[in-house]
Structure formats: C-alpha cells, structure tokens
Amino acid sequence: MNVSRDVIIDLLPLYLAGEASEDTRQLVEHFLADDPALAKLAEQAKVDNWNGEIPVPLQKEDEMKSFEKTKSLLFQQKLFLTLSVGTTLLFIAFRFDENGVEWLWINSPQLGWGIFMTAALFWTAFLNVNWQLNRTE
C-alpha cells in the first residue's frame with residue numbers, strides 16, 4: 001500500500017506522543033526512513049519537547065497563493081487609504097469669501113452626511129485590510 005506524505009504528517013503527532021499502535025509506529029518509521037526531510041522534522045520535534053504541532057514545509061503553490069493574496073491586500077490598502085484621505089479632505093473643505101469661512105457642503109447637509117458616511121466606509125475598509133495584513137495564521 002502506497003501511503004502519502006500527508007497521511008504520515010497526520011499520524012506523526014500520535015507517533016511522537018507515543019500513542020500510536022505498533023502497526024502505525026512501524027508505518028511511520030518506515031516512511032521516515034525514506035523521507036529524510038520529514039525524519040529531520042520529527043527528530044527536531046522530539047528534541048524541542050514536542051508541543052503538538054508539526055511544522056509542514058510550504059509547497060511552491062502555497063507560497064504563490066500567499067504572495068498573490070499579500071500583493072492584492074497591499075494594493076487595496078493603498079487604494080482605500082487614498083480614498084479615505086480624499087473623502088475626509090473633501091468633508092472638511094472650506095473656502096474664504098467676503099462673509100468669512102464657508103464649508104463647501106454647508107448649503108446641502110445631505111451632501112455633507114453623504115461625504116462623511118463615504119469617508120467612514122473607506123476608513124473602515126482600510127482598517128479591515130490592515131487587520132488582514134497583520135494577522136497570522
């Protein structure tokens with residue numbers, strides 16, 4: 001029977017904890033004999049007082065997915081920051097005339113609230129993208 005590396009990785013915590021059956025232990029040891037990289041990880045987990053997690057090396061496809069996701073989030077971050085600052089500046093825009101200072105949207109409060117809500121939406125989107133960029137999985 002051909003056992004994949006993923007199956008062995010699933011069985012490795014049981015093996016390292018000493019809770020695997022004799023057949024499972026032999027299966028894992030046989031696979032580790034043929035896969036030196038995984039054997040090294042298993043040995044390191046034993047030495048480091050194994051905490052229940054086996055580090056799984058990333059595949060090229062996973063790295064590319066992560067890179068593309070990060071690239072997209074960085075673009076969104078720049079876009080939402082630009083829109084947030086722009087709408088905020090539009091909301092606080094004023095002019096000077098013979099009567100003094102006049103807010104540009106003062107004659108239309110609905111426009112003022114619309115600009116305010118749009119700015120709040122863009123700031124929320126910007127903060128959400130920042131949160132996504134800073135979280136760890």
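Okay, here's what the table says:
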item: Ala20 vs. criteria closer than 20 Å to Ser4 by Cβ and at pLDDT below 85; result: yes
item: Pairs with Cβ under 6 Å, 6+ apart, first in region 5-17 and of a type in the set (Ser, Thr, Tyr), second crowded, with 17+ Cβ neighbours inside 10 Å and assigned to a helix (DSSP H, G or I); result: Tyr15/Val28
item: Residue list for region 75-97, filter: at pLDDT below 75 and either of a type outside the set (Phe, Trp, Tyr) or on the phi > 0 side of the Ramachandran plot (or both); result: Arg95, Asp97
item: Test for Ala125: is it assigned to a helix (DSSP H, G or I), aliphatic (A, V, I, L, M) and either within 30 Å of Asp6 (Cα to Cα) or within 23 Å of the chain's Cα centre (by Cα) (or both); result: yes
item: Cβ-Cβ under 6 Å pairs, at least 6 apart or on other chains, region 104-115 side modelled with pLDDT under 85, far side surrounded by fewer than 14 Cβ atoms within 10 Å (Cβ to Cβ) and part of a loop (DSSP other than H, G, I, E, B); result: Leu104/Ala93
item: Given (1) surrounded by 14 or more Cβ atoms within 10 Å (Cβ to Cβ); (2) at pLDDT below 85; (3) under 30 Å from Arg5 (Cα atoms); (4) not aliphatic (A, V, I, L, M), number of the condition Gln59 does not satisfy; result: (1)
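Matching residues to (1) surrounded by 12 or more Cβ atoms within 10 Å (Cβ to Cβ); (2) of a type in the set (A, V, I, L, M); (3) farther than 30 Å from Lys40 by Cβ:
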{"position": "Phe67", "(1), (2), (3)": "no, no, no"}
{"position": "Leu74", "(1), (2), (3)": "yes, yes, yes"}
{"position": "Val85", "(1), (2), (3)": "yes, yes, yes"}
{"position": "Leu89", "(1), (2), (3)": "no, yes, yes"}
{"position": "Phe96", "(1), (2), (3)": "no, no, yes"}
{"position": "Asn99", "(1), (2), (3)": "no, no, yes"}
{"position": "Glu102", "(1), (2), (3)": "yes, no, yes"}
{"position": "Pro109", "(1), (2), (3)": "no, no, yes"}
{"position": "Thr118", "(1), (2), (3)": "yes, no, yes"}
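Listed here are the residues, each with its yes/no results for (1) part of a helix (DSSP H, G or I); (2) touching a Cys at 6+ places or on another chain (Cβ under 9 Å); (3) farther than 27 Å from Arg135 by Cα; (4) not assigned by TED's automatic domain parsing to the domain that holds Phe126.
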position: Thr24; (1), (2), (3), (4): yes, no, yes, yes
position: Leu27; (1), (2), (3), (4): yes, no, yes, yes
position: Lys40; (1), (2), (3), (4): yes, no, yes, yes
position: Glu68; (1), (2), (3), (4): yes, no, no, no
position: Ser84; (1), (2), (3), (4): yes, no, no, no
position: Leu89; (1), (2), (3), (4): yes, no, yes, no
position: Trp105; (1), (2), (3), (4): no, no, yes, no
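The values are calculated or read from the model by the stated rules, or taken from the named source; none is laboratory data. Every value quoted in this text rests on a predicted model; they were computed, and no experiment measured them. Every residue, glycine as well, gets a Cβ built from its backbone with ideal geometry; the counts of neighbours run over all protein chains shown.
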